[in-house]
Amino acid sequence: MRTAISAKDEAARQPRAGANIVGRIELMPGRNFEHALEDLASWDYLWVLFWFHHNRGWRPKVLPPRSRSGRKGVFATRSPHRPNPLGMSAVRLERVEGLTLHVAELDILDGTPVLDIKPYVAYTDSLPHARDGWLADDGAARDPIAPFDVEWSPAAAEQAAWIEERTQLALRARVNATLELGVEPHPYRRIRRDGDGYLLAVKEWRVRFEADGRQVRVREILSGFREPQLRDTRPEVGVHREFRARYRG
């Protein structure tokens, strides 16, 4: 899989929530895959089975992003931390070009090994009357598809531009991709409460924001380094020293 999403905290929680994320599945040459792909272009959606290649080990109980009542047994969740780290996503097929499948609505990271591809058959794969399990008990069923509306204060936008000019981090895109999926505090997504607002961690940076319904406003950016850490002579730490001297953050 090839996508622009390389970090777990950037990925959509479900494929449909990643409606704006596109990518491609590249099949290896010399395996007769040209014949295996015949007739695939007539389908709108595909099941993609893949390997959670960033995961090490597994957890019998996990804390899903939408759980409001504590940890759940891993087999009752979509968590990637599984005994066999297999993933399955329904993705939209845009077109087939040779050994490349152009796909959209993704929650799969760049470089993910794809194990199999199957057509999504609507009449048998869609079961709209199925129960929603603990999601219904937590009042969190029917995950909203529409993204949250994220806006930036002028000060935060200036800070993000300054950071992006001096690093390889596409900070604003990372923040937007995370917050468009929701603002619920969760350790996996690195969001926590911060007074009357919230704090999002993106690598070593901290992003303060507030939310009103589905409206999110990014207020400011802070360095995540503490004073003793800023004495480090590495260039990446020097950027944080400059930032704090300029913005006192």
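The values are calculated or read from the model by the stated rules, or taken from the named source; none is laboratory data. Note that the structure is predicted; figures quoted are calculated from it, not measured. With ideal geometry, Cβ positions are generated from the backbone for all residues, glycine too; neighbour counts draw on all protein chains shown. The protein model used for the area step is the full one, side chains on, heavy atoms only, and it has no ligands, DNA or RNA in it. Shrake-Rupley method; radii C 1.70, N 1.55, O 1.52, S 1.80 Å.
Here are some notes:
- Gaussian network model of the chain, springs between alpha carbon atoms under 10 Å - residue of 128, 119, 154 with greatest fluctuation: 128
- Where trypsin sites (Lys or Arg not before Pro) in DSSP loops with at most 12 other Cβ within 10 Å are excluded, longest remaining stretch of the chain: 143-225
- Estimated from helices alone, the mean residue ellipticity of the chain at 222 nm is -5000 deg cm²/dmol (sum of -39500 (n - 2.57) over DSSP H runs with n ≥ 4, per residue).
- Inter-probe distance in nm under a simple model that places probes 7 Å from Cα toward Cβ, at residue 132 and residue 24: 3.8
- Between residue 167 and residue 118, the simple spin-label model (points 7 angstrom out along Cα→Cβ) gives 4.2 nm.
- For the chain, the tally of Lys pairs with Cα-Cα distances below 25 Å comes to 5, considering only residues 8 or more apart or on different chains.
- The long axis of helix 235-247 is offset from the longest Cα principal axis of the chain by roughly 60 degrees.
- Calculated FRET efficiency for the pair residue 188/residue 241, C-beta based, R₀ 41 Å, to 0.05: 0.85
- If the segment from residue 229 to residue 99 were pulled out straight at 0.36 nm per residue, it would be longer than the present Cα-Cα gap by 42.0 nm.
- Accessible-area order (highest first, 1.4 angstrom probe) of the listed residues 227, 220: 227, 220
- Normalised by the number of residues in the chain, the mean separation of alpha-carbon contacts (under 8 Å, six or more apart) gives a relative contact order of 20 percent.
- Placing dummy labels 7 Å off each Cα toward the beta-carbon, the span from residue 155 to residue 110 is 3.3 nm.
- Contact order normalised by residue count of segment 155-231, Cα under 8 Å, 6+ apart, percent: 22
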